[in-house]
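Peer 1: Before I ask anything, let me first share the structure, which is written out below as structure tokens.
Please treat every number below as a calculation from the coordinates, not as lab data. Keep in mind that what you see is a predicted model, and the values were worked out from it rather than measured. So basically every Cβ, Gly included, is an ideal-geometry build from the backbone, and we count neighbours across all protein chains shown.
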Ligand code: GNR
Ligand code: NI
């Protein structure tokens, strides 16, 4: 297994729509495992392939808390086949938007269809935190970050702050996993 570099916004690679996986093969499974290791190391409760520079429709999730037993989920080509009318606000964070936490309103419950790590089609009903994380990760596959659900004012303030940090890091010669 290997730790991967997590891309921080703003970065064009976070804004691209990811391509479908043709078949979940050994290389896909290796990527899923590396993504999980990277997510646990961060630590985070979800990670999407575009966040590690891979423009493919792959996400990994583990909503279990620190003292709960691990419950990793690996999904390729996830699709929301049903979403509740009922919505719910939840405070979100993102490994690509470090130290920003904002409330986002999304459907409270969803049904998601995906390919698992054995290339089998599965469906999962989710609510609570799991439903939030699945929707957050699926947004990454469309090039959408949680700030895109906020007002332009809030979004611009957050992106400005992150741009300043990047400029400072480049000036001071700190190596970052980001080009230009
Ligand atoms: O670690 C994460 N925590 C989190 C909290 C609330 C809603 C969504 C998330 S996902 C985030 C990791 C991440 O950036 N995944 O893309
Ligand atoms: Ni994220």
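Peer 1: If you check 23, 29, which single one turns out to be touching a residue at least 40 places away in the same chain (Cβ under 8 Å), in a helix (DSSP H, G or I) and farther than 15 Å from residue 94 by Cβ? Outline the logic, then answer.
Peer 2: Details: 23 fails: in a helix (DSSP H, G or I).
Testing whether each residue is touching a residue at least 40 places away in the same chain (Cβ under 8 Å), in a helix (DSSP H, G or I) and farther than 15 Å from residue 94 by Cβ leaves just 29.
Peer 1: Sticking with this one: Mind counting the residues in the stretch 5-20 that are over 14 Å from the mean Cα position of the chain (by Cα) and touching a residue at least 40 places away in the same chain (Cβ under 8 Å)? Lay out the reasoning, then the answer.
Peer 2: Quick first cut of the stretch 5-20, residues over 14 Å from the mean Cα position of the chain (by Cα) only: 10-12, 19-20.
If we keep only those that are touching a residue at least 40 places away in the same chain (Cβ under 8 Å) as well, we get 10-11, 20.
Result for the stretch 5-20: 3.
Peer 1: Right, another one. Scan (1) under 21 Å from residue 15 (Cβ atoms); (2) within 16 Å of ligand 2 (Cβ to nearest atom); (3) surrounded by 15 or more Cβ atoms within 10 Å (Cβ to Cβ) for the single condition residue 99 breaks and write down its number.
Peer 2: (3)
Peer 1: Ok, one more. Can you tell me how many residues within the stretch 102-123 are surrounded by fewer than 13 Cβ atoms within 10 Å (Cβ to Cβ) and within 16 Å of ligand 1 (Cβ to nearest atom)?
Peer 2: 2
Peer 1: Taking residue 35 and the conditions (1) surrounded by fewer than 15 Cβ atoms within 10 Å (Cβ to Cβ); (2) without any contact (Cβ under 8 Å) to a residue 60 or more places away in the chain; (3) within 30 Å of residue 170 (Cβ to Cβ), which numbered condition does it fall short on, given that it satisfies the others?
Peer 2: Going through (1) surrounded by fewer than 15 Cβ atoms within 10 Å (Cβ to Cβ); (2) without any contact (Cβ under 8 Å) to a residue 60 or more places away in the chain; (3) within 30 Å of residue 170 (Cβ to Cβ) one by one, residue 35 breaks only (1).
Peer 1: Looking at (1) in contact (Cβ under 8 Å) with a residue 40 or more places away in the chain; (2) closer than 30 Å to residue 157 by Cα, which is the one condition that is false for residue 89?
Peer 2: (1)
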